[in-house]
Amino acid sequence: MERIGAVLIDIDGVLTVSWEPLPGAVEAVRRLRAADIPLVLVTNTTSRTRAGIAERLVGAGFPVGPDDILTAPAVTAAYLREHHPEARCLLINSGDVRNDLSGVTLVEEEDDEGAVPDVVVLGGAGAAFTYTALNRAFRHLQQGAGLVAMHRNLYWRTSGGLTLDTGAFLEGLERAAGTEAAVTGKPAGAFFAAALAHLGASPSETLMVGDDIESDVLAAQRHGITGVLVKTGKYLPETHAASDTAPDHVLDSFADVPDLVERLGG
């Protein structure tokens with residue numbers, strides 16, 4: 001491994017929980033900034049735009065801006081522009097991320113002639129994931145619409161505890177409709193490639209810090225990035241123990257990351 005020259009950082013469960021900073025996280029990001037370590041926040045968050053996320057984090061004391069954030073919706077927009085140009089897309093998402101879906105044609109429902117959307121796009125689970133909405137998506141898939149998911153996380157942590165996420169519903173849709181979604185957020189290789197390109201960094205000089213052993217850490221390791229698992233957020237000891245592959249590093253929290261970077265020659 002080369003000396004550490006860049007850091008990819010998940011947000012939910014790593015820097016914050018329900019947008020409240022975890023202990024030591026703000027100071028740790030400031031230390032990385034002071035050491036001139038390039039970083040980008042990589043998140044499957046689908047409830048806010050990049051600008052909205054940056055505003056919330058800055059208000060909590062984090063020294064970041066919109067250009068420091070790469071979201072699943074932004075990568076999804078790039079994927080749709082490349083693979084489904086001019087497609088009519090039905091978005092099911094809890095939160096307004098339309099400003100990050102530039103170049104994507106969003107439709108509410110069938111047009112006047114009853115034509116179905118070309119692509120069903122699933123964002124983050126929440127109040128928008130009603131039976132009516134999911135059943136409508138199922139029927140569109142039966143009629144030939146494509147399926148794109150911003151991520152397939154099964155759950156995430158809020159201040160109220162672990163909460164079901166998109167993956168719990170996505171698997172049911174895939175099985176019922178006999179199709180497979182194209183997933184654009186973590187753990188997709190294209191997502192990590194976009195993050196590395198954003199920083200101009202190589203995999204071997206980059207750390208990925210996350211609380212999800214599969215989507216964050218092991219997925220990054222499969223693409224040559226050094227994986228760092230933190231014991232905050234959605235971290236569960238039993239999930240860690242059951243994994244067939246070990247993270248490169250395991251830390252108590254993000255507060256320990258600057259010291260790790262120093263030890264690795266950052």
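The values are calculated or read from the model by the stated rules, or taken from the named source; none is laboratory data. Values in this document were obtained by computation on a predicted structure and should not be read as measured data. A quick note on method: Cβ atoms are made from the backbone with ideal geometry, for glycine too, and the neighbour counts reach across all protein chains shown.
Considering only residues of the range 219-238 that are assigned to a helix (DSSP H, G or I) and within 21 Å of T16 (Cα to Cα), which is farthest from the chain's Cα centre (by Cα)? Walk me through it before giving the result.
The initial filter retains those residues of the range 219-238 that are assigned to a helix (DSSP H, G or I), namely 219-222, 237-238.
When the remaining residues are screened for being within 21 Å of T16 (Cα to Cα), the result is 220, 237.
Details: A220: 12, P237: 22 Å.
The qualifying residue farthest from the chain's Cα centre (by Cα) is P237.
Just for the range 186-223: of the residues that are touching a Ser or Thr at 6+ places or on another chain (Cβ under 8 Å) and either aliphatic (A, V, I, L, M) or over 30 Å from G265 (Cβ atoms) (or both), which one is surrounded by the fewest Cβ atoms within 10 Å (Cβ to Cβ)?
If we take residues in the range 186-223 being touching a Ser or Thr at 6+ places or on another chain (Cβ under 8 Å) and either aliphatic (A, V, I, L, M) or over 30 Å from G265 (Cβ atoms) (or both), then A190 is surrounded by the fewest Cβ atoms within 10 Å (Cβ to Cβ).
For S215, state whether it is part of a helix (DSSP H, G or I), closer than 27 Å to V121 by Cβ and among the hydroxyl-bearing types (S, T, Y). Show your work before the answer.
Working: part of a helix (DSSP H, G or I): yes; closer than 27 Å to V121 by Cβ: yes; among the hydroxyl-bearing types (S, T, Y): yes.
When the stated conditions are applied, S215 passes them.
Taking T132 as the residue in question, decide whether it is exposed (fewer than 14 other Cβ atoms within 10 Å of the Cβ) and either over 15 Å from the mean Cα position of the chain (by Cα) or not aliphatic (A, V, I, L, M) (or both).
Values: exposed (fewer than 14 other Cβ atoms within 10 Å of the Cβ): yes; either over 15 Å from the mean Cα position of the chain (by Cα) or not aliphatic (A, V, I, L, M) (or both): yes.
Answer is yes for this residue.
Residues of the range 37-66 being in a loop (DSSP other than H, G, I, E, B), more than 14 Å from the chain's Cα centre (by Cα) and either at pLDDT below 95 or under 19 Å from A220 (Cα atoms) (or both), which ones? Reasoning before the result, please.
Let us first name the residues in the range 37-66 that are in a loop (DSSP other than H, G, I, E, B), namely 37-38, 44-49, 60-65.
Now restrict to residues that are more than 14 Å from the chain's Cα centre (by Cα): 37-38, 60-65.
I37, P38 - these are the residues of the range 37-66 that are in a loop (DSSP other than H, G, I, E, B), more than 14 Å from the chain's Cα centre (by Cα) and either at pLDDT below 95 or under 19 Å from A220 (Cα atoms) (or both).
Residues that are in contact with a Gly (Cβ under 7 Å, 6 or more places away or on another chain) and outside any helix (DSSP H, G or I): does the range 67-80 have at least one?
no
Looking at (1) touching a residue at least 60 places away in the same chain (Cβ under 8 Å); (2) assigned to a helix (DSSP H, G or I); (3) among the aliphatic types (A, V, I, L, M), which is the only condition L207 fails?
Result: L207 fails condition (2) only.
Restricting attention to the range 130-147, which residues are at pLDDT 95 or above, farther than 18 Å from P85 by Cβ and part of a loop (DSSP other than H, G, I, E, B)?
Within the range 130-147, T130 is the sole residue that qualifies.
Condition first: under 17 Å from Y155 (Cα atoms), polar (S, T, N, Q) and at pLDDT below 95. Can you find one or more residues in the range 235-242 that meet it?
yes
Would you call P73 under 25 Å from N135 (Cβ atoms) and in contact (Cβ under 8 Å) with a residue 24 or more places away in the chain?
yes
If you go through the range 83-96 one residue at a time, do you hit one that is without any contact (Cβ under 8 Å) to a residue 40 or more places away in the chain and closer than 22 Å to H198 by Cβ?
No, there is no match, as no residue in the range 83-96 is without any contact (Cβ under 8 Å) to a residue 40 or more places away in the chain and closer than 22 Å to H198 by Cβ.
Output the residue which, of all residues in the range 241-266 that are in contact with a helix residue (DSSP H, G or I) (Cβ under 6 Å, 6 or more places away or on another chain) and of a type in the set (A, V, I, L, M, F, W, C), is farthest from T226 (Cα to Cα).
The selected residue is A255.
For every residue, the table says whether it meets (1) closer than 17 Å to V121 by Cα; (2) touching a helix residue (DSSP H, G or I) at 6+ places or on another chain (Cβ under 9 Å); (3) among the acidic types (D, E).
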position	(1), (2), (3)
D165	yes, no, yes
T179	yes, yes, no
A194	no, yes, no
S202	no, yes, no
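Sort out which residues of the range 221-261 are of a type in the set (G, A, S) and closer than 17 Å to G13 by Cα, and write them in order of number.
Scanning the range 221-261 gives G227, G233, S253, A255.
Give the residue that is farthest from G95 (Cα to Cα), with candidates limited to residues of the range 156-200 that are within 12 Å of the chain's Cα centre (by Cα) and in a strand (DSSP E or B).
V183
What number of residues within the range 161-185 satisfy the criterion of being surrounded by fewer than 21 Cβ atoms within 10 Å (Cβ to Cβ) and either more than 19 Å from A72 (Cβ to Cβ) or among the acidic types (D, E) (or both)?
Of the residues in that region, 11 qualify.
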